[in-house]
Amino acid sequence: MNTDRSTREAGIDLFIEAAGLCCAVGYHLDAAVCALRANMDHFQESGFYSLSSDPIVAAMLPDDIHGQERLEQWVLYAVRDCARRMAQPLSLVDARRTALIVIGPDNSRAHADASYYLEVVLGAMKKVFAGELDTSDEQRSLHEDATVLLGGRTGLAAALVRAKNMLAERPIEQVLVIGVDSYLNAADINGYLKEERLFVRGNSDGFIPGEAAAALVLRPAPSDQAGLHIKGVGIAHEAGRHDGSVPSRSQGLTHAIRSACEQAGIAPTEVNFRISDQNGEQFFSRDATNAITRVMMGGSKVPHLTLADKIGEVGGAAGPAMLAWLARDMSHKAFSPGQLGLAHMANDDGTRCAVVLQQQGKQ
């Protein structure tokens, strides 16, 4: 069965039922959105040092906890934030009603371990719902069969496709997508310092490392139901490489955008705005600019929203964090960048993705 075709013919979309976010500018979505609207950041000197012994600037939360416990805490905040917006929060830990997808760092990163990130998420969820779980069915209710995608920034697209298929093939009500990542560890910092990819003294062509966790509850919904809908998802591959070993022609992102727009039944020139994961590195900025110029030929220039300049580079949490932000702002007339948007992301391995979003109903 062609799931995309049958779902589209039935007028059913992926719909964001609830969202939660924990990042450097807020422990929950309400606080973070206020900071994002004001274009604020929380960049500060970290305990990591550059090769010239200067403190590295990072987007970090102030809690004095480390390692797995630190990541668990961010997931706990994001899931709790998401759950409190739902009529039935306990449904999130019932695998008979909810499927779980975890997005972590991409496979090239030092700490990209599927079992580790699943343990982080399950540990956090146990803490969120402590005292409310049925211990006789705890293993099943805590999603031991969860899907872990080590997809980094483009993991969102793979998660959306997987969620759509799960909802079509399994007797479940919703999919909980959790993105969690942190660059604030010695392995990542040292690796990117050697590659000269961090924003430090003497290198403006770099990114600021950050940390975050975001949670989304996705449900199938009629295409006219009020709220934020996922209308199209495109995934493609770019041959060009960040290190210059293969020149970039931006064909991957171009194809991803066109594919997402075709699935949504729109022309790229119809979108009101775009949001991207651009983090300050010129390679990805040029790649996106070339692709957008190509697909928007004949259209007007649209506003461009970014996240990394406020919460730092957060890898696998970037996509869910974008959707959490937009789920809030696109529903408010005073703050909405538009009713039809395009999100696009890029990974170091050449993966490119695009997602078309549409706000339905009155603002």
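Annotations for the structure displayed:
- Rolling a 1.4 angstrom probe over the protein heavy atoms with all chains in place gives region 189-261 an accessible area of 43 Å² per residue.
- Percent of alpha-carbon pairs separated by more than 23 Å within region 1-122: 51 percent
- Solvent-accessible area per residue in region 283-363 equals 35 Å², computed with a 1.4 angstrom probe and all protein chains kept.
- Stokes-Einstein translational diffusion, region 182-275 - Kirkwood Rh over all Cα pairs, 1.567 mPa s, 4 °C, in µm²/s: 76 µm²/s
- For the chain, the longest piece that avoids every one of the GluC sites (Glu not before Pro) found in DSSP loops with at most 14 other C-beta atoms within 10 Å covers 197-363.
- Solvent-accessible surface of region 42-141, taken per residue with a 1.4 Å probe and all protein chains present: 48 Å².
- Exceeding the 25 Å Cα-Cα cut-off - candidates Lys164/Lys301; Lys231/Lys301; Lys301/Lys333: Lys164/Lys301
- Spin-label model distance (nm) - Ser300 vs Gln282, 7 Å beyond Cα toward Cβ: 3.2 nm
- Rounded accessible area of Ile12 (nearest 10 Å², 1.4 Å probe): 60 Å²
- Counting only protein heavy atoms and a probe of 1.4 Å, the accessible surface of region 12-87 is 52% carbon and sulfur.
- The apolar share of the surface of region 95-181, taken as the fraction of accessible area on carbon and sulfur atoms (1.4 Å probe, ligands and nucleic acids excluded), comes to 46 percent.
- Sorted into 5 angstrom bins from 0, the C-alpha pair distances of region 125-213 split as 3, 10, 15, 15, 15, 13, 10, 8, 6, 3, 1, 0 percent.
- Ligands, DNA and RNA aside, Thr351 has an accessible area near 30 Å² when probed at 1.4 Å.
- Accessible surface of Cys353 - all protein chains present, 1.4 Å probe, nearest 10 Å²: 0 Å²
- Rounded percent of accessible protein surface that carbon and sulfur make up, region 291-358, 1.4 Å probe: 54 percent
- Projecting the Cα atoms of Thr254, Asn165, Gly299 onto the dipole axis of the chain, where Lys and Arg carry +1 and Asp and Glu carry -1 at the beta carbon, places Gly299 farthest toward the positive end.
The values are calculated or read from the model by the stated rules, or taken from the named source; none is laboratory data. This structure is a prediction, so every number in the text was calculated from the model and none was measured. Note that each Cβ is placed from the backbone with ideal geometry, even for glycine, and that neighbours are counted across all protein chains shown. The protein model used for the area step is the full one, side chains on, heavy atoms only, and it has no ligands, DNA or RNA in it. Shrake-Rupley method; radii C 1.70, N 1.55, O 1.52, S 1.80 Å.
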